[in-house]
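Asker: Supplied in structure tokens, the structure appears directly below.
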Amino acid sequence: MSTNTVEQVELGRFLEVAVRQFDAGCTAPEMFSPAIDSEWHRLLNSPNYQEFCIEHAGRRIGHAPNVGAGEISWVRAYGELFGPLPEIWFTDQHGGLDHERLARYRETGTVVAEWDCSPVPGDGGDVAAPTRQAAAATL
């Protein structure tokens, strides 16, 4: 039985999607969820992070600043692997759910959001995957 939190489960899925994006030559996936990003930062500073990455992504994944806003590029890839994004993706680090953004996603299948970081291959010191910085969009 797994003792992973929902944030850890979703971070693991995000890292799996990230590796697939990197391997396909796509831009680095945008981390738009404050709740999952908060857990990512907590794990980055733990001795278990490398093991977590290997378990979920097959290799170490770094973390890098990447500020932008717009449509989240990897939502379709996530859906193909795991189904619709769960509510935790639309929750802030304090547990508040953004009902409007969640409803928009459920209606359209797309997510428009701001982000401030992305995964990078390796420990972050490697050549980073291409990133995109979109113009501010109506969020």
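Asker: Taking a ≥ b ≥ c as the square roots of the eigenvalues of the Cα gyration tensor of the range 1-101, is the shape rounded (a/c under 1.5), prolate (a/b larger than b/c) or oblate?
Answerer: rounded
Asker: Taking the Cα centre of the chain as the origin and placing charges on Cβ (Lys, Arg +1; Asp, Glu -1), which of F90, T5, S73 is farthest toward the positive end of the dipole?
Answerer: Checked the options; the winner is S73.
Asker: Separation between the T27 and T5 pseudo-spin-labels, each 7 Å from Cα along Cα→Cβ, expressed in nm?
Answerer: 3.0 nm
Asker: Counting only heavy atoms of protein chains, what accessible area per residue, in Å², does the chain have with a probe of 1.4 Å?
Answerer: 53 Å²
Asker: Can you give me the % of accessible surface on the chain that is carbon or sulfur? Probe 1.4 Å, all protein chains present, nothing else counted.
Answerer: C and S fraction of accessible area: 49 percent.
Asker: What residues from the range 88-122 fall in the zone where the backbone N is under 18 Å from a label point 7 Å along the Cα-to-C-beta line of S73?
Answerer: Under cut-off, by backbone N: 110-122.
Asker: Report, in debye and to the nearest 20, how large the dipole of the chain comes out about its Cα centre when Lys and Arg carry +1 and Asp and Glu carry -1 on their Cβ.
Answerer: The calculation lands at about 240 debye.
Asker: Looking at the range 47-129, which trypsin sites (Lys or Arg not before Pro) are DSSP coil and have at most 13 other C-beta atoms within 10 Å of their C-beta?
Answerer: Loop-located and lightly packed - R59.
The values are calculated or read from the model by the stated rules, or taken from the named source; none is laboratory data. Quick caveat, the model's predicted, so the values are computed rather than measured. Glycine gets a Cβ as well: all are built from the backbone with ideal geometry, and neighbour counts include every protein chain shown. We work out accessible area using only protein heavy atoms, side chains counted, and drop any ligands, DNA or RNA first. Shrake-Rupley method; radii C 1.70, N 1.55, O 1.52, S 1.80 Å.
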